[in-house]
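Scroll down for the structure; my scribbles are underneath it.
Just so you know, all these numbers are worked out from the coordinates, no wet-lab data involved. Keep in mind it's a predicted model, so treat the numbers as computed, not measured. Note that each Cβ is placed from the backbone with ideal geometry, even for glycine, and that neighbours are counted across all protein chains shown.
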Amino acid sequence: IKVGDVSLFEKLIESLKIPERWKLRLKRHFWRPQYFEDLLNRLETNSDVDPMAIDLDKKKFSEMKNLDQNKEIANRKVSEILSRFDRKIKDPRSFSENKKIVKIIREFLKINCSIDKIERILKDFIKKYKLSKNILSDLTAIKNLSKISYKTIFSTNFGRDIEYYTGIVFEIYNSSKKEIARGGRYDGLLKSLGSKKNISAVGAAINLNNLKK
């Protein structure tokens with residue numbers, strides 16, 4: 001059995017000291033491994049940063065602070081524009097620890113071990129990089145799966161092929177190493193399709209052809 005938990009990745013990203021825009025990008029494109037890797041390269045090298053644009057933002061911010069806050073420019077109040085500028089200026093795009101952040105993400109996604117060892121490995125990982133313990137806030141499902149008598153491997157990089165998964169994902173193989181079932185938790189799927197709230201759900205598909213073999 002191969003198992004992953006995509007919610008761990010989201011908790012990791014939320015614990016990192018990076019701009020909100022980068023948190024959103026990384027979580028949104030987690031399901032696109034190649035583009036995700038491109039994003040990591042950009043974050044690591046600050047290749048999307050234009051120092052001149054940042055300086056210009058700061059200059060405009062200073063100038064507009066002296067204007068009437070209720071004055072409208074292009075159908076927006078000066079106060080609203082200043083709020084946006086303030087967020088951009090505080091966005092640490094020249095963040096000196098970007099390389100360390102990317103290293104943390106890449107190392108996290110390389111974790112691959114027997115499921116009975118994952119809790120200890122995650123605790124060591126969090127301690128090593130002084131991350132929030134909130135990442136381990138709910139390991140109930142993982143602990144329950146560790147009781148399974150079959151060989152079960154946990155991978156933090158597993159489950160990136162279907163975007164609507166929100167928690168535990170799994171694949172089950174027969175003795176010939178052929179997949180006989182796969183599935184996972186997708187609590188947010190129905191809300192994305194129009195439901196007013198998240199509805200907890202778990203689904204799976206069984207490969208009947210391989211099951212017969």
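Overall shape: oblate for the range 105-213, with the ratio a/c of the largest to smallest alpha carbon gyration tensor axis at 1.5 or above and b/c at least equal to a/b. With a threshold of 27 Å on the Cα-Cα distance, the over-threshold entries among 151/191; 11/77; 11/196 are 151/191; 11/77. Label point of residue 153 set 7 angstrom out along Cα-Cβ; within the range 117-146, amide nitrogens under 16 Å from it belong to 117-118. Converting the Cα gyration tensor eigenvalues of the chain into ellipsoid dimensions via √(5λ) gives semi-axes, longest first, of 42, 21, 15 Å.
The peptide list 163-175, 121-133, 104-116, put in order of mean Cβ contacts within 10 Å with the highest first, becomes 163-175, 104-116, 121-133.
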